[in-house]
1. For the range A:210-247 and the range A:267-324, what is the separation of their Cα centres, given in Å?
2. How high is the FRET efficiency from A:LYS381 to B:LEU197, r the C-beta distance, R0 60 Å, rounded to 0.05?
3. Based on alpha-carbon centroids, what's the gap between the range A:50-79 and the range A:171-198 in Å, whole number please?
4. In the calculated pair distance distribution of the protein assembly as shown, what percentage of Cα-Cα distances lie above 37 Å?
5. Tell me, what ³J(HN,Hα) does each residue in the range B:121-129 have, in order and in whole Hz, if you take phi through Karplus 6.51 cos²θ - 1.76 cosθ + 1.60 with θ = phi - 60° and put x for Gly and Pro?
6. Between chains A and B, what is the buried accessible area summed over both chains (1.4 Å probe, protein heavy atoms, nearest 100 Å²)?
7. Can you work out the PRE-style zone for A:GLN23? Point 7 Å along Cα to Cβ, and I want the residues of the range A:50-68 with backbone N under 17 Å.
8. Where the centre of each part is set by its Cα atoms, how far does the range B:130-181 sit from the range B:185-209, in angstrom?
Amino acid sequence: MLKGSLGLIALTSLFLSGAAMAQEKIKVGVTATLEGTYTVLGEDGIRGHQTALNVLGTKIGDKQLEFVIASTDATPDSAVRAVRKLIEQDKVQILLSPLSGDEGIAVKNFAKTHPELTFINAASGAQETTYVDPAPNFFRFNMDGAQWQVGLGKYAYEEKKYRKIATVGEDYSFIYTQVFGLVLEFCGAGGQVTNRQWVPLGTKDFASVIAALPDDVDAIYLGLGGADAVNFLNQYQQAGGKAHLMGGSIMIDQTILSSKGNAKNALIGTLAASGQADTWEDPGWQKFVKNYQDAFPPNKRFPSPSLLATNYYGSTMALILGLRAVNGDLSDNQSKLKAALAKLEIDAPNGKIKLDSNRQAIGTNFVTEVVDDGKGALFSKVVKVIPNVNQTLGYDPAVFAKIGLPSRTVPECKKY
Amino acid sequence: MTRFVERHPVWALIVIVAIAILLWLIFAVWPPGLEEAIGRKRVFLNAVFNGITLGGLYFLVASGFTLIFGLMRNVNLAHGSLYLFGGYIGYAISASTGSWILSFIIAFILTALVGVLLQVIVFRRMEGQDLRQTMVTIGLSIVFADLMLWACGGDFYQIQTPSWLIGPIDLPLITAVKSSGEPVYLRYPLVRLVIFLASVVIGVAMWLALNRTRIGMIIRAGVDDRDILAATGVRIQLVFVLVFALGAGLAGIAGVVGGTFQSLSPGEDIRFLLASLVVVIVGGMGSIPGAALGALIIGLAEQLGSVYIPTYAIVVTFLIMVLVLAVRPQGLLARR
């Protein structure tokens, strides 16, 4: 009896797969940091991706999109391993990857070994990924970390009258890029960055880092994300910290602003800059927020989408629109798709996005301030919107090239 | 102690001088030259205190680990999962009842129960097969990690510090003297001091229980020779269950502590497993004083490292482990 029914099930599944095979599929591999320090960021990224599929559908003409999701932990080798697994085992044709800065650089380099495939960056934001030796089949529809800081330095200097600041950041490419953007603008306006502290990704005990923060500065800039940011704030509160804070793009983000506990309240009033602002009144943004909220029950999402959800939404949108433009035609090593993506302009929730010659996004940036909505939830409120931010941050490309690549000590604090 | 001095007079001198220098660094007002060379005293003192308090947390996790190993020769690689489980339980209790103390008690009881189940259902079936037990615990830790991810999600949880513990207090240690001659005292988070004191109390209680009570005597005898102990008529399985429950319960308490002054999220289990492995390897497998010494060394190394050589802070702990393995492979305070 048991044997018989097993056979029946096997037969049925054979038929089912046969029926599915009749329709042509396009397989897309997606990676997100679903492990380690950045787990929450990865989860919300996937929510953004899902929201985009809900809105745009998964059909390209008569072809069906199929997604395979792989997990990484924000280290470059985990990203390459996941991407390789997606290509070699799952036979995906297009990749939506990766999430984090160092992963981006590694996947970009890996993309060169598979020139026939198309890679769309999901959310990573290190400058080097598209600025140094870019891969012709790697497209990034989100801005990089430095672009996401445009406006912050000037606003802090001119409106908040900060003159001296210190920075604390995680020791990897994305935060280097963020501090790069901040320092360039703040020092350009006449400010001073007296001290840059770097902590390893995944640091849990920040007490000594907090003790080493200088007292004689107007504000402290925090370039942390995920669990690191929550730990820092918790211990900062316990140590009785009172300094003015400024935040990077994944520090002042729903991933942190809606964390459990009350340590996040130290962030109220914090000045930050990012590729989005929670309370932006643009109808496109409001519609996206509504779609995101409708797609998941309130306890399975943030009150408002995080930067990661927005990026994954944007990259999924670019993928689907690009495929539609060529009607799902992946022949000739996907050359038609690549050409379509290169000239694609998307109406992303966080403003219009187009690509430059390195296939890097040019988009809109937001300076924000953290506010309490009166019911205990924190949101980033827009204080300034800056359209058309390009990768050289408005500098002449020759001048920009002289500054050097973002690192622990680059750029120097001076006017370029 | 005196025997150590007699046998290794040079080493004893070095240790005494090092302790004297440390005490001077902590209590004296630093001359300006020293401040210029290695930074402000406040930073140094904070790093030392943080190292000691972090060591307290590491001790809580590692003592259970080392106790279980000492008696049962069982490397329980699911120990980190017990830590995280205790933390999540603690969060749930403190969020629903608002009582921080209660969360410790319930977390201890529930993780101890899980420990009992593990011992009865899993380890008793494969007694004496070290490799098999180790492999099973690796498997279990992966299963537990996924179950907890499923139940609690990838969010960061923080256990609310009770309001009487929030904020810093002034310690009677002078960090600097203002130009007006007024001394500046060290401000330090109260919650960390309380947690450190609690771990000292637990450590001392464990030492007393092991060395001054009948059950402690049985456990020590079991560590030395399990078979002979069983032959004398002691119900060894009961002792195993008890020790496993205690070790697991300590990991659960450590989870609540960790959730209070750091945070809980997936991946923490592995981090604390690794930390307790390093602590136990440095201190000596199976030794409670060894776990205390190892935890102190690793805690201090991490914190001083993160201040003075931030780029290489991660390497320091492992360097210490390598050094210990090279010079004294059985661990600093191991008996054999």
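The values are calculated or read from the model by the stated rules, or taken from the named source; none is laboratory data. Every value quoted in this text rests on a predicted model; they were computed, and no experiment measured them. A quick note on method: Cβ atoms are made from the backbone with ideal geometry, for glycine too, and the neighbour counts reach across all protein chains shown. Accessible surface areas use protein heavy atoms only, side chains included; no ligands, DNA or RNA. Shrake-Rupley method; radii C 1.70, N 1.55, O 1.52, S 1.80 Å.
1. So the separation of the two Cα centres works out to 26 Å.
2. Step by step, r from the Cβ atoms, then E = 0.90.
3. After rounding, the separation between the Cα centres reads 34 Å.
4. Within the protein assembly as shown, distances greater than 37 Å cover 46 percent of Cα pairs.
5. 7, 9, 6, 5, 6, 10, 5, x, 9
6. 2900
7. Backbone N within reach: A:53-68.
8. 15
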